[in-house]
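Asks: Here's a structure for you.
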DNA sequence: GACATCATGGACCGATCGTTCCAAATATGA
DNA sequence: TCATATTTGGAACGATCGGTCCATGATGTC
């Protein structure tokens, strides 16, 4: 026992993320969570206040990481940057151990059952993803890659849809080859000068 | 009380559909369901065996209706038919009372928490949606609207993605105008002869 | 009008839910 | 070394979970 905290903050959040990601908010029990995180109920409630608090922290950590990964992608042109970004989120075998799908999309689907603060975090995460697309598109307009009449907002929603599609369609049986094709087809929305 | 069944089969399924659609499988309690359906636990369990059985029947009814709606769409060309199909599933204000999003996508998201038979129903529903897209695309190839090298499988996944996007993105804040733009952009994957 | 049938309402079951509480154990500061 | 602070494991809480059971009373048949 104790006197000094005996668990690593990041690793317990990762463990909780795995559970919430796999089973969603409602279907994840505190027992499952404590077992996966390797700590007792007392420690969980002392550190995270309650199940809602843990979920909120886990989801915002998830969103933070996704946004960071998205921002890290480079490219010679804005178009190639955006294409590379989509490829970055193709599920690959190395990440097969991870839960399926996108946790933000899952949370968005079960929005009605989420605590209010969790709803806000989920919505904010998707909004930030879309903001990244908007930013890339805005830069593309600025440097002449994209006609200013292209309609950035619509395109941003479109590419957010493609991103969600490639992360979630595998659960419906889509193969890696088919997903890459989905990206190609999605990119055809980018007007050819 | 009774001797003869006192509830209408279709309307109790509709009521259950509203609950499951809104809250998903795990977060829908039998109490919520019986209240919404207006019948007692005894009647529910006698008719549907258990919660799983009710869910399976509700979800397959939902999938059946979606498929029927998709098949009912006509068009002068396969392209216009497909475009009209997507517009058919744009959320409009008249249907605002309905739960948000697509029940099949929701079920697909919480696949891991579904009873096995429910998983199969959800998967089958999405497969049938995709089969409809494939059918339209195959006809388009047959009558020369689409080059045979277009790659029907990839296109079918793409349009399934667009369909899911326009049904689910509203929860992330997309407006009707933006969704119509998403359809236009999605249609740009259809090669121009 | 008596009887068998069967859906209904509601009490009830053990299990599990999220949460609280406390005694035991350790680290820290003097 | 002693007092204090703080985290830990685990017992326990009331509420709710999915599911069962039975007395009740309406129905259809003779």
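Any read-out appearing in this document is the output of simple, stated calculations on the displayed coordinates, not a laboratory observation. What you are looking at is a predicted structure, and each value in this text was computed from that prediction instead of being measured. For neighbour counting, all protein chains shown are included, and Cβ atoms are generated from backbone atoms with ideal geometry for every residue, glycine included.
Asks: With N set to the residue count of the stretch A:131-174, report its C-alpha Rg divided by 2.2 N^0.38 Å to two decimal places.
Replies: The stretch A:131-174 yields a ratio of 1.39.
Asks: I'd like to know how the stretch A:1-109 sits against the 2.2 N^0.38 Å rule of thumb: what's its Cα Rg over that expected value?
Replies: 1.26
Asks: Counting partner chain Cβ atoms within 10 Å of every residue's Cβ in A:101-110, what's the average?
Replies: 5
Asks: Distances in nm, one decimal, shortest first, from residue B:184 to the same residue in every other copy, taking the label point 7 angstrom along Cα→Cβ.
Replies: Here the equivalent label points are 2.7 nm apart from this one.
Asks: Give me the Debye-computed log₁₀ of I(q)/I(0) at q = 0.15, 0.18, 0.23 Å⁻¹ for the stretch B:78-123, equal point scatterers on Cα only, no solvent, two decimals.
Replies: One equal scatterer on each Cα of the stretch B:78-123 leads to -0.58, -0.72, -0.83.
Asks: Starting from the eigenvalues of the Cα gyration tensor, five times each then square-rooted, give me the equivalent ellipsoid semi-axes of the protein assembly as shown, largest first, whole Å.
Replies: Over the Cα atoms of the protein assembly as shown, the ellipsoid semi-axes are 35, 31, 17 Å.
Asks: If the label for residue B:4 sits 7 angstrom from Cα along the Cα-to-Cβ line, what are its distances to the same label in every other copy, in nm to one decimal, shortest first?
Replies: Here the equivalent label points are 7.9 nm apart from this one.
Asks: Using a 10 Å cut-off on Cβ atoms, rank the peptides B:28-39, A:69-80 from the highest mean neighbour count down.
Replies: Descending mean neighbour count gives B:28-39, A:69-80.
Asks: Cα gyration tensor of the stretch B:70-147, axes a ≥ b ≥ c as square roots of the eigenvalues: rounded (a/c below 1.5), prolate (a/b > b/c) or oblate?
Replies: Cα axes put the stretch B:70-147 in the oblate bin.
Asks: How far is helix B:9-23 tilted, in degrees, relative to the longest principal axis of the Cα atoms in chain B, given as a value from 0 to 90 rounded to the nearest 10?
Replies: Approximately 70 degrees, to the nearest ten.
Asks: Taking Cα pairs under 8 Å and at least six residues apart, what relative contact order does chain A come out at, in percent?
Replies: 24 percent
Asks: Which number do you get for Rg(Cα) / (2.2 N^0.38 Å) in the stretch B:54-188?
Replies: That works out to 1.08 for the stretch B:54-188.
Asks: Output the 0 to 90 degree angle, nearest 10, between the alpha-carbon long axis of helix A:78-88 and the longest principal axis computed from the alpha carbons of chain A.
Replies: Here the helix axis deviates by roughly 40 degrees.
Asks: Report the Cα centroid-to-centroid distance between the stretch B:11-60 and the stretch B:68-127 in angstrom, as an integer.
Replies: Going from one Cα centre to the other spans 20 Å.
Asks: Please give the calculated 222 nm ellipticity per residue for the protein assembly as shown, where each DSSP H segment of at least 4 residues contributes -39500 (n - 2.57) and the sum is spread over every residue; nearest 500 deg cm²/dmol?
Replies: Calculated mean residue ellipticity at 222 nm is -21500 deg cm²/dmol.
Asks: Could you work out the mean count of beta carbons from other protein chains within 10 Å of each residue's beta carbon in B:119-128?
Replies: Partner-chain Cβ atoms within 10 Å, mean over residues of B:119-128: 1.
Asks: Going by C-beta contacts inside 10 Å, put B:23, B:87 in order with the fewest on the left.
Replies: Listed from fewest to most nearby Cβ atoms, that is B:87, B:23.
Asks: So what is the relative contact order of the stretch A:103-189, in percent, for Cα pairs below 8 Å that sit 6 or more residues apart?
Replies: In percent, rounded to a whole number, it is 23.
Asks: Let me ask another. Per residue of B:151-162, count partner chain C-beta atoms within 10 Å of its C-beta, then hand back the mean as an integer.
Replies: 6
Asks: So how do B:154-164, A:10-20 stack up, highest first, on mean other-Cβ count within 10 Å?
Replies: Ranking the peptides B:154-164, A:10-20 by packing returns B:154-164, A:10-20.
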